[in-house]
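Beneath this line is the structure, given in structure tokens, with notes to follow.
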Amino acid sequence: MTRDEFVQKVKEALGELMVDFARPRDNRVYCYIEPDDIRKAGKILFWDLNSRFSIATGIDRREGVEILYHFHNDEAQVMVNLKTIVAKPELEIDTLSDIIWGTNWIEREIHEFLGVNFKGHPGLERLLLPDDWPEDEYPLRRG
């Protein structure tokens, strides 16, 4: 399958779930998804379009925490990024860990460093910060 064919499949499969779409490079696409649709979109990429989960990224923005779930399709050699903004001050989104086990630890890390609550996650306990780190202090969150 070519890159263009795969990107077309992504567009068709995600369809109305996408708020916006960008392809800044031949091998990278950004699919902007509302937080309520992130589980559906992740499931489609992982299970239906055979794209492996690589990592997730959390970035504190003024309006909320931006979360990017990065998927790679090895056959087409395309990185697909599901991008969503979790609004402040709630900072709550559904977990993907029950449908894509590989998201478990990175969701824990995003929770720990940015304070995002991944609803339905099996264990958001501390992963990297020392045990005596203050509960409501998030080292990567804006002041």
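The values are calculated or read from the model by the stated rules, or taken from the named source; none is laboratory data. For clarity, every value in this text was computed on a predicted model and none was experimentally measured. With ideal geometry, Cβ positions are generated from the backbone for all residues, glycine too; neighbour counts draw on all protein chains shown. Surface areas here come from the heavy atoms of the whole protein model, side chains and all, with no ligands, DNA or RNA. Shrake-Rupley method; radii C 1.70, N 1.55, O 1.52, S 1.80 Å.
Computed quantities for the displayed model
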{"item": "Unique residue being among the acidic types (Asp, Glu), closer than 13 Å to residue 100 by Cα, open to solvent by 30 Å² or more (accessible area, probe 1.4 Å) and out of contact with any His (no Cβ under 7 Å at 6 or more places or on another chain) when the list is 37, 48", "result": "48"}
{"item": "Enumeration of residues in the range 66-79 that are touching a residue at least 60 places away in the same chain (Cβ under 8 Å), in a strand (DSSP E or B) and among the hydrophobic types (A, V, I, L, M, F, W, C)", "result": "78"}
{"item": "Failed criterion for residue 39 (all others in (1) under 21 Å from residue 13 (Cα atoms); (2) among the basic types (Lys, Arg); (3) part of a loop (DSSP other than H, G, I, E, B) hold)", "result": "(3)"}
{"item": "Residue selected from the range 91-109 under the condition open to solvent by less than 10 Å² (accessible area, probe 1.4 Å), among the aliphatic types (A, V, I, L, M) and in contact (Cβ under 8 Å) with a residue 40 or more places away in the chain, by the criterion farthest from residue 43 (Cα to Cα)", "result": "93"}
{"item": "Filter result for the condition that a residue is over 13 Å from the mean Cα position of the chain (by Cα), open to solvent by less than 10 Å² (accessible area, probe 1.4 Å) and not aliphatic (A, V, I, L, M), over 64, 115", "result": "64"}
{"item": "Meets criteria (within 16 Å of residue 102 (Cβ to Cβ) and either at pLDDT below 95 or assigned to a strand (DSSP E or B) (or both)) for residue 22", "result": "no"}
{"item": "Contacts under 7 angstrom Cβ, first residue in the range 32-47 being within 19 Å of residue 7 (Cβ to Cβ), partner buried (at least 19 other Cβ atoms within 10 Å of the Cβ) and of a type in the set (S, T, N, Q), 6 or more apart", "result": "33/84; 45/51"}
{"item": "Test set (1) open to solvent by 40 Å² or more (accessible area, probe 1.4 Å); (2) under 28 Å from residue 138 (Cβ atoms); (3) at pLDDT 95 or above - residue 58 fails condition number", "result": "(1)"}
